[in-house]
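See below for the structure under consideration.
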Amino acid sequence: MATADSAAVFDTAFLSKLEQLYLLAKKLFRGEHRAERRSRQTGSSLEFADYRNYVGGDDLRTIDWNAYGRLDRLFIKLFEQEQDLHIYLLVDASASMRWSPAKLRQACRIAASLAYIGLVNLDRVNVHWFGADLGEDMGLTRGKSQFHKVLQFLREPPELAGTTRLLETCRAFTKQARRRGLVYLLSDFFDPAGCEEALSLLRFAQFEVHLIQVLDPRELDPTDTGDLRLREDESGATMDLTADESLLRLYRQEVRAFLDKLAAFSVERGIGHLQTSTETPFEDLVLKVLRNGVLLR
Amino acid sequence: MTFFNPWAFGFAGLVPVIVALYLLKVRRRPVAISTLMFWQRVLQENQRRALFQRLRQWLSLLLHLLIFALVMLALTRPTIDHAVHEGSSTVLILDTRARMQASEADGVTRMEKAVNAALTYARQAGPFRQMAVQTSSGHAGVRQGFSGDEKALRESIQACAASDAGGDLQPALRLAGDLLASRAGEKKIVVFSDRAEALAQPAALPIQTVTVGTARDNIAILRFASRALPASPETFEILAEVANFSAQPWTGNLEVSLNGRLLDVRPFTLAAGERKSSVFSTVVEKPGVGKLIAHLAASDDALPLDNVAYALLPREPIRKVLLVTAGNWFLEKLLAADVRLRFELLAPDAYQPAMAANFDAVILDDQPAAALPESGNFLYLKQSPFATGGPALEQPIVTDADSQHPALRLASLEHVSFARAVEMAIPREPGAWKFEAPLRFGDQPLLIAGERGSTSSPQVGSTGSPQVGSTSSTQRVAALAFGLTDSDLPLRVAFPLLMANTIHWLAGGGGAGAADNETMRQSDNERNGFHEHRAADGSSRWMAVNTFDEGESDLRLAKSEAAAAGAVGAPRVVLGGWPLWPWLALAAAVLFTGEWWLFHRRQTE
């Protein structure tokens, strides 16, 4: 559903543009395989990392002879080890995301783009669905050739029942994820329990968290007035009210407060945060907005 | 506060219905949303607003109930009471009939007494005691409309004078009722007359009668008329009737004069309450108007008015008649014998239709006549424009005769035998003609009479005397369905009567012996005497007018009762009301508009 027209979106020209992008990671994560990411491990890359005293058995090629000439002591030059990065894409497939088909479609497209960028850069990418709990995942994949697998996974989002519960989702995710890495949460973050505790949990688990909040304009600025019976798709709960301009104004203030609070929390915690609308053209979103949001380079 | 429609409070029973309708669930529009999270917070964080929302819901209900209450109150037509000074209205009716000319024992006429009595009432006139003045004789008339001006009332009362006419007071009472119908406050009618009469109260209005007369003796001429003798039209006989309306016998002379010349004097001796008639015969040879005046030498009676009577000799002009016949011995002899006619005999071959203009009537004896004439008055015998051409009626008899028709006056045709008659019919489209069949055999007319042209309405001439319409513009035709030789009519007494009546009617008269020149009773506010009535074409006719009313001449019935209090209706203070319903309706409309505006802004839900 969400990626039914992904073939049209991810055309060759767009993919070539995506190949120019690079997912930014503020932290250095320990990888499994050598790749193009800096890691905490020292290795054989060209990037100088540190010195240490020579001990017997060290490779003589790594001795800094210039330092020996000046200091008359043997030091070994350590170089950074470039390794792959684990990128986790957690896509919200709850009823609130399915309420507007454009929301889930936009989230899936962004996830596919991020996955492609990661795959191109030889990172290990996994995609998870989540709703009231953590759903199935795609499995870690590596290499550009696995992009079709990502598309195949995103093409069939599950219909997850229940209200979005980020804390339960993150708790399950931290238990499940073997390696630390980048976590991209693509959701509307409409969790009645709040999302701060869940995000703190991810940070505590040493993940670098990025939030991509996808919203429908109707959620930001509803226009329906009169005698209404509101029905929430996630829980099926209803609410009778008579909406007038003053009530809509209060609603907009409430939504703005929620968004501002999430943004402020993200800034305080060093969490990347990007809010986007379903009306934002997808190409602009990926090539401009995500770059401006310092999620890509 | 007064409620003119208190039953409208019964609509209050609808209030529970309004409340029940209001409490019915509003059909809400379902809207699917992604999350209720924000709405819940909005409502939770805005408890005060929610409370106000509920209050506004009640405000809406209160508005509805208030609007309903205002409409209901408007339907009850409430008024704010306030005191109003309501004046009285009184109509003073002065009896001006002829008997009010009678003198009382003190020498003062009843009319003067009535005027004086009315003046005492008029002195009470004021802004809140308005009065109107009417007179009543032959006709009721308003002399002064409602006014509080005492001077105007006094002048109008003093201008009232007794007429020579009789009549009754009911028309005046009806007029007074009409005048008072639209008046507020106390209403009253005061009648000033010589006696108390049983009067029908118009619209149950109180009537007070102020009587000013006493029983008086009177000798009166009750009838005075003349007529031409049928056997000798130039000879007239005069009838006079004299009555003694007193308790004492009376002896005196009745003098009759013609055109100022004493004609005869007859002594009368009348017992108390007796009346006698006397016939005078005279021959008048001079042309012109014969004015007869009868004068009763009774100088001591109370009402001189009925001591004099006027009459005219009913002389008619000589009528010119053209008889077109091949030979009709009966008809020729009849026309020759009538001194009021001058006829010419003409053979059928010599007759031209244009000749009709030179004669008052043309008789066509069994002569062809296809169409009604454009001008002239015609009598058709046997053949006529009304003949249908159908089979002749064999031995018809008279089954229906209208004795009131001028042509049949005094003529009895029931026993006339007819051998045959022509079938006639009244035209279905008569146009301006008006036809009737006063003599019929079943539904078959034996005589058809018709006329066309209108009589002009009375006008006032330059001399100030009233005029009556002229009949000169009226064209008349008559047709007999039988020939004179086809019946035994010429041998009957009715023959000269029928023919004379018909010819004189055709010639413009109302029929032989008609009442045109008879002495008339006073029915208007004219004075007794001779009156010349001029028609629009300049012709004139004299009429003699007399009172001739026993009720006016019999003065013994007058009776003064105890003097009335002389008070007219008093002004009173009543409760007036300013109607409130327009303001209530306006308030309901304003509230309804406001509620409508609030509803569409969802402020009241």
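The values are calculated or read from the model by the stated rules, or taken from the named source; none is laboratory data. Treat the numbers as computed from the prediction; the structure is a model and nothing was measured. Every residue, glycine as well, gets a Cβ built from its backbone with ideal geometry; the counts of neighbours run over all protein chains shown. The protein model used for the area step is the full one, side chains on, heavy atoms only, and it has no ligands, DNA or RNA in it. Shrake-Rupley method; radii C 1.70, N 1.55, O 1.52, S 1.80 Å.
When accessible surface is computed with a 1.4 Å probe, chains B and A are found to bury approximately 2900 Å² between them, both chains counted. Other residues within the sphere of radius under 12 Å centred on the Cβ of B:LEU346, judged by their own Cβ, net out at -4 (K and R +1, D and E -1).
In loop segments of the stretch B:328-428 as defined by DSSP, the GluC sites (Glu not before Pro) with at most 11 further C-beta atoms inside 10 Å of their C-beta are B:GLU374, B:GLU414. Using a simple spin-label model with pseudo-atoms 7 Å out from Cα toward Cβ, B:THR251 and B:ASP537 lie 5.5 nm apart.
Here the 3J(HN,Hα) profile of the stretch B:269-282, calculated from phi with Karplus coefficients 6.51, -1.76 and 1.60 at θ = phi - 60°, is 10, 10, 6, 4, x, 8, 9, 9, 10, 9, 10, 10, 10, 8 Hz, Gly and Pro shown as x. Compared with the direct C-alpha span, the chain from B:ALA337 to B:LEU119 gains 71.9 nm at full extension, assuming 0.36 nm per residue.
Using the Cβ-Cβ distance between B:GLU155 and B:ALA198 with R0 set to 30 Å, the FRET efficiency from 1/(1 + (r/R0)^6) comes to roughly 0.40. Extension gain, B:ILE80 to B:PHE128: 0.36 nm times the residue separation minus the Cα-Cα distance gives 14.9 nm.
Label the stretch A:181-297 by shape, choosing from rounded, prolate and oblate, from the square roots a ≥ b ≥ c of the eigenvalues of the Cα gyration tensor; if a/c is under 1.5 it is rounded, and otherwise prolate applies when a/b is larger than b/c, oblate when it is not. Taking the square roots of the gyration eigenvalues as a ≥ b ≥ c, the stretch A:181-297 is prolate.
Would you work out if the stretch A:93-150 is rounded, prolate or oblate? Take a ≥ b ≥ c from the square roots of the eigenvalues of the alpha-carbon gyration tensor; rounded if a/c is under 1.5, else prolate when a/b is larger than b/c, oblate otherwise. Taking the square roots of the gyration eigenvalues as a ≥ b ≥ c, the stretch A:93-150 is oblate. The amide H of A:ARG124, built 1.01 Å from its N in the peptide plane, has A:LEU85, A:HIS86, A:ILE87 as neighbours under 5 Å, considering only residues 5 or more places off or on other chains.
On full extension, the segment bounded by B:TRP58 and B:ARG452 gains 133.5 nm, given 0.36 nm per residue less the C-alpha separation. Normalising the average separation of contacting C-alpha pairs (under 8 angstrom, six or more residues apart) by the number of residues puts the relative contact order of chain B at 18 percent. Take the alpha carbon gyration tensor of chain B, find the square roots of its eigenvalues, order them as a ≥ b ≥ c, and report rounded if a/c is under 1.5; if not, report prolate when a/b exceeds b/c, else oblate. Note, shape of chain B comes out oblate. Only protein heavy atoms count here; on that basis, with a 1.4 Å probe, B:TRP597 has an accessible area of about 130 Å². Each Lys or Arg adds one and each Asp or Glu takes one away; over the other residues whose Cβ falls under 14 Å from the Cβ of B:THR325, this sums to -3. Derived scalar couplings between HN and Hα for the stretch B:127-132 equal x, 9, 9, 8, 9, 10 Hz in order, rounded to whole Hz, by the Karplus curve 6.51 cos²θ - 1.76 cosθ + 1.60 (θ = phi - 60°), x for Gly and Pro.
A cut-off under 9 angstrom between Cβ atoms defines the neighbours of B:GLN475, and their net charge, with Lys, Arg +1 and Asp, Glu -1, is 0. Give me the distance between the Cα centres of the stretch A:82-132 and the stretch B:322-369, rounded to whole Å. Taking the Cα centre of each part, the stretch A:82-132 and the stretch B:322-369 sit 137 Å apart.
Per-residue shielding of A:230-237, expressed as the average number of other chain Cβ atoms within 10 Å of the residue Cβ, stands at 5.
Take the Cβ atoms of B:ALA297 and B:MET355, set R0 to 60 Å, and the FRET efficiency comes out at 0.60. Relative contact order for the stretch B:156-237: 21 percent, from Cα pairs under 8 Å spaced at least 6 residues apart, divided by residue count. Solvent-accessible surface of chain B, taken per residue with a 1.4 Å probe and all protein chains present: 49 Å². Which entries of B:LYS151/B:LYS188; B:LYS276/B:LYS559; B:LYS151/B:LYS559 have Cα-Cα distances beyond 23 Å here? The answer is B:LYS276/B:LYS559; B:LYS151/B:LYS559. Placing a pseudo-label 7 Å from each Cα along the Cα-to-Cβ vector at B:TRP7 and B:LEU24 gives an inter-label distance of 2.9 nm. Label-to-label distance, B:PHE599 versus B:ASP264, with points set 7 angstrom from Cα along the beta-carbon direction: 9.9 nm.
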